[in-house]
Protein chains: 2
Amino acid sequence: MSASGKTRVPGRDALRDSVLGDDLVFLLARANALTLAAANAALAEHGLKARSYSVLALAADGARPTQRELAEFLHLDPSQVVALVDGLEQRQLVERRTDPADRRANVLVATDAGRDLFARAQQAARAVELGLLATVTPEEHERLAGLLRLLAFPD
Amino acid sequence: MSASGKTRVPGRDALRDSVLGDDLVFLLARANALTLAAANAALAEHGLKARSYSVLALAADGARPTQRELAEFLHLDPSQVVALVDGLEQRQLVERRTDPADRRANVLVATDAGRDLFARAQQAARAVELGLLATVTPEEHERLAGLLRLLAFPD
DNA sequence: CATGGACCGTTGAAAATGTCAATCATTGGT
DNA sequence: ACCAATGATTGACATTTTCAACGGTCCATG
């Protein structure tokens, strides 16, 4: 062989060096897909997916979000939140409490069991995240999170 | 008022400061959703979505990818690639050529019209990307791309 | 050179997600 | 007291994802 010590499959990495290799939207989509798959796999043993994990997380740390707020924050349709909360409530991980300040709204609160499960699931989630970024310094890890926050919450 | 000069809606940003605010998987999902929506909106005037744009991009820069390679690279099921290519081929933006080296495989090539459209769409796509990261230095922009590549292509 | 297992693209169906409109109960402004 | 606006819910519909099966082609064996 000629040039360098690269271990690249011919067809595959010609694509990686193509126009899309610099396309942020594409990189984001692909990174998200892989990352999501890893997270779902890790959360499966707790009976959760990334979605239900997120809802449980927000219920578990006492923010007392309404379903509307959940929908906005998770970028979901309110009807999807209904289904998600239904699932968690049936498993007694979470309770709907009508907001005393606005009786149309339901506020989400985690049960003890919910907090327990979340604590365990969170460990798994953190392990995945560290595994994904194992090759990167903690500073870069945090920098990535910061830049993603900019994209995720454009004020 | 009391503490700081923050302009935060009470309910909304309590969530942002919750556990999920540091969760890479969540940030990635949300950033991806917003970014994808912006890209789709911008590409719509060219009759494309992020998906078809990606396929067209890979066909247009002469990498001559097979559909299998496309599927792997775009993290899609081969059957989805069929539909995507069907659409582009019907619009005469792309051609299927059976790979002379392996007559099972189709190689994708952009037509002149396809390259033209891609050139225009690419400008729109770049504008979106710059708009999304307008508040960030070019160095940080590139750093973000680099970190996302790590997640998107874990070798 | 014949054969069989693996691979490519295609099809079709099933499951999961995303999107939307209509409804009921409640709220808050006038 | 009224009425437009809002939160949750339901049900319908479109889109996306995932999977299994198939015909055509390749290639490593015998």
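The values are calculated or read from the model by the stated rules, or taken from the named source; none is laboratory data. Because the structure is a prediction, the values reported are computed rather than measured. Cβ coordinates were reconstructed from backbone atoms using ideal geometry, including for glycine residues, and neighbour counts include every protein chain displayed. Heavy atoms of the whole protein, side chains included, go into the accessibility calculation; ligands, DNA and RNA do not. Shrake-Rupley method; radii C 1.70, N 1.55, O 1.52, S 1.80 Å.
Couple of notes before you dig in:
- Computed on chain B, with alpha-carbon pairs under 8 angstrom and 6+ residues apart, the relative contact order is 19 percent.
- Heavy-atom accessible area for A:Glu72, with the other protein chains in place and a 1.4 Å probe, reaches approximately 100 Å².
- Buried area at the B:A interface is about 5800 square angstrom, summed over both chains, from accessible surfaces computed with a 1.4 angstrom probe.
- Listed residue (B:Leu151, B:Val109, B:Ala127) projecting farthest to the positive dipole end of the stretch B:84-155, Cβ model: B:Val109
- For chain A, the convex hull drawn through the C-alpha positions has a volume of 164 cubic angstrom per residue.
- Percent of Cα pairs exceeding the 31 Å cut-off, where the set is the protein assembly as shown: 40
- Degrees separating the helix B:50-60 axis from the principal Cα axis of chain B, which is the longest one: 40
- Phi-based couplings in Hz for the stretch B:136-144 (Karplus 6.51, -1.76, 1.60; Gly and Pro marked x): 10, 6, x, 5, 5, 4, 5, 5, 4
- Build a GNM of chain A with springs between Cα atoms under 10 Å apart, and of A:Ser18, A:Ser52, A:Ser79 the one that fluctuates most is A:Ser18.
- Each other residue within a Cβ distance under 11 Å of B:Gly146 adds +1 if Lys or Arg and -1 if Asp or Glu, for a net charge of -2.
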